[in-house]
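All remarks here apply to the structure that follows.
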Amino acid sequence: MKCLVIFGLIVAILASIAGYGYLLFTDLTRPLPRPEFKDDTYWGPGDGKNYKPDTKIYDFVVDVPQAEIDDLRQQLNRTLKLTEPLDGIAFEYGFNTNALAQFVEYWREKYLTKWDERQNYLNSLKQYKTEIQGLKIHYIHERVSEEVAAKKNVYPLLLLHGWPGSVREFYDFIPMLVKDQNITDNAFEVVAPSLVGYGWSDAATRVGFNAAEMATVMRNLMLRLGHKKFFIQGGDWGSIIGSNLATLYPDNVLGYHSNMCIMNTPLSILKGIYTHYYPDKVLKSRMFHDHHVGIWEQYQELLVESGYFHIQATKPDTIGAALSSSPVALAAYILEKFQTCTSPSLKQDFGAMVTIFGLEAVLDNLMIYYLNNAATTAARFYAENTSKTYRDLQLERVQTDVPMGCCRFRFDLPAASEWQLKDKFTNIKHSMYFQHGSHFAAMEMPSMLYNDFTTFVQKVGLQTE
C-alpha cells in the first residue's frame, strides 16, 4: 500500500511538471496580439508642447565646405600611432594595422583630392528633407520616367539600410528599380531614407527610439509623400524595421522583402535546432542544408563577431566618443565590419573589400558617418533595441498577413527557414537561397538582389490601382 502511495505521488509530481511545462511552452510560443502603438510621438528637441509640424519638403544637396575636407586631410596626415600586427596575423585580431595605414594614405592622398567627384556622385540621386515627428529626415527619392510609367506597373518602394551602412549601399540598386527592365512588368518609385540618427537625418533627443518607433517614422514619411500603400525592402536593421512596420501597420504595406530573415522567438530557436539535426524533414532541397545545418558553429562564429553589438547595446556613448574623436579609429571600426562581411574565404585577404565592394564605395559610406558625426547616434539604436521597453513589445511573436519574401545569402547571419518564418509571416510568397553573397547584398550583388525582389513582387500579383 505504501508503495502505491509513493508511486501515486511520483506520478502526480511528474504530471504536474509535464502540465506546467506544457503551459509554459504554450505561453512562450503562442502568437501575441498586435499592441496598441502611438504613431505621432514627438522626438525632436524640447518637450514638443508648442510643436507645429513643418510639412514642407525641401531639396537637399550634399555640399561639404572645403575647409572641412582640408581639416580631415590634416587629421589623417598626423603620425599614426599604431601597433604592429602579430607575426602571421591578418585580420583575426581585428582590422590589420598595416592595411589600415595603407587605407588611411589612400583616403588622404587619393580619395579626398577628388572629393568634388565623389560629392557629385552622391548627388547623382535626387535627395530631399522633410520633418517627421519633430525630426528632419533625409531621403533619396527617385521616380520612374514618363516613358517607363506608360509601360510598367509602378509601385512605391521604401528601401531601408542598417549599420554600419547608409543610403550609399543602394546607389547601384536604385537605378535598376526605376528603369525599364526586360525581366519584369514592374518598376518602382524609390524612397530610401537615412535612418534616424544616421546619415543626414536628425537623431532622437530622448531615450526610447527603437525599431518600432523607427518603423513609425518611416511609415509617416511615406504617408507624407502620398503613399498610403507601398513595398518594403531591407537588410540588417532595415529588415527588422521593415518587419516591425509590416506588423504594426499592415494596411500600409503591399509586401515586405528581406535579405536578412532572422527569427529569435523561443519556438523559432527550437525549430532551428531541430532543422540542424533533421534537415531532410524540413528543407525542400539538400542545396539549402549549408544555410541551416551547423547551427552550433554558426552561433559560435556569431559570438566571435558580435563584440561590437554588446558594446553598442550597453555603452554606445563611450564607443561613440572614441570614434567621433578620430577618423582613423572610425575607419578601423567600420571597415572591420565590411572586411568580415566579405566571405569566409576572403575575410583574411588584404584585397577583400576592393574585390567585393570597391574602395570608393566603402569610403563614401565612411564619409557619410564622419561628415554627420553619426557614430554615437547610430550606435545608440542598439541600446534602444535591447531595452526592456522594446523587448516587451515581442513583435516577433505578433503575426502579420502582409505578403512576405525572403532571400538568404550564403554568408550572411544565420537565416530562418520558411518553417520558422511562417509562425510570424502567415503569407509567405517567396523563399530563396543563394550559395554566394554576404551581408551587404545591395552593394555586393545588386543585380541578384534586384532579380529576387522583382520576382517576389511578381508573385504578390498586384495590379496598378
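Matching residues to (1) surrounded by 12 or more Cβ atoms within 10 Å (Cβ to Cβ); (2) touching a residue at least 60 places away in the same chain (Cβ under 8 Å); (3) within 29 Å of the chain's Cα centre (by Cα):
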position: Thr79; (1), (2), (3): no, no, no
position: Glu84; (1), (2), (3): no, no, no
position: Trp115; (1), (2), (3): yes, no, yes
position: Asn123; (1), (2), (3): yes, yes, yes
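Would you list the helices (runs of 4 or more DSSP H) that sit entirely within segment 268-386 and hold 3 or more residues that are surrounded by 16 or more Cβ atoms within 10 Å (Cβ to Cβ) and modelled with pLDDT of 95 or more?
Numbers: elements: 289-292, 295-305, 307-314, 316-325, 327-340, 352-356, 359-371, 375-385.
Hits in segment 268-386: 307-314, 316-325, 327-340, 359-371, 375-385.
From the list Ser166, Ser201, which one is at pLDDT 95 or above, under 23 Å from Val61 (Cβ atoms), touching a Pro at 6+ places or on another chain (Cβ under 7 Å) and open to solvent by less than 20 Å² (accessible area, probe 1.4 Å)?
Just one listed residue meets the conditions, Ser201.
Pull up segment 49-67, narrow it to residues that are open to solvent by less than 70 Å² (accessible area, probe 1.4 Å) and not aromatic (Phe, Trp, Tyr), then point me to the one that is nearest to Leu225 (Cα to Cα).
Here the residue is Asp54.
Of the residues Gln102, Gln119, Gln181, which is more than 22 Å from Tyr382 (Cα to Cα) and open to solvent by less than 30 Å² (accessible area, probe 1.4 Å)?
Answer to the check: Gln119.
Please work out which one of (1) open to solvent by 60 Å² or more (accessible area, probe 1.4 Å); (2) under 30 Å from His430 (Cα atoms); (3) in contact with a helix residue (DSSP H, G or I) (Cβ under 6 Å, 6 or more places away or on another chain) is the condition Met263 fails and give its number.
(1)
Within segment 29-48, does at least one residue satisfy the condition of being without any contact (Cβ under 8 Å) to a residue 60 or more places away in the chain, in a helix (DSSP H, G or I) and open to solvent by less than 70 Å² (accessible area, probe 1.4 Å)?
no
Determine whether segment 132-140 contains at least one residue that is free of Cβ contacts under 8 Å to residues at least 24 places away in the same chain and of a type outside the set (Gly, Ala, Ser).
The answer is no, given that none of the residues of segment 132-140 is free of Cβ contacts under 8 Å to residues at least 24 places away in the same chain and of a type outside the set (Gly, Ala, Ser).
Can you name every residue in segment 390-424 that is of a type in the set (Lys, Arg) and closer than 18 Å to Thr265 by Cα?
Scanning segment 390-424 gives Arg391, Arg397, Lys422, Lys424.
Which condition from (1) in contact with a helix residue (DSSP H, G or I) (Cβ under 6 Å, 6 or more places away or on another chain); (2) more than 24 Å from Asp63 (Cβ to Cβ); (3) open to solvent by less than 10 Å² (accessible area, probe 1.4 Å) is the one that Thr216 breaks?
Thr216 satisfies all of (1) in contact with a helix residue (DSSP H, G or I) (Cβ under 6 Å, 6 or more places away or on another chain); (2) more than 24 Å from Asp63 (Cβ to Cβ); (3) open to solvent by less than 10 Å² (accessible area, probe 1.4 Å) except (1).
Can we say Leu195 is within 20 Å of the chain's Cα centre (by Cα), buried (at least 24 other Cβ atoms within 10 Å of the Cβ) and either outside any strand (DSSP E or B) or touching a residue at least 60 places away in the same chain (Cβ under 8 Å) (or both)? Explain how you work it out, then say what you get.
Values: within 20 Å of the chain's Cα centre (by Cα): yes; buried (at least 24 other Cβ atoms within 10 Å of the Cβ): yes; either outside any strand (DSSP E or B) or touching a residue at least 60 places away in the same chain (Cβ under 8 Å) (or both): yes.
Here the answer is yes, as Leu195 does meet what is asked.
The values are calculated or read from the model by the stated rules, or taken from the named source; none is laboratory data. Note that the structure is predicted; figures quoted are calculated from it, not measured. As a convention, Cβ positions derive from the backbone with ideal geometry for all residues, glycine included, and neighbour counts pool all protein chains shown. Quick note on the areas: whole protein, heavy atoms, side chains included, nothing else; ligands and nucleic acids left out. Shrake-Rupley method; radii C 1.70, N 1.55, O 1.52, S 1.80 Å.
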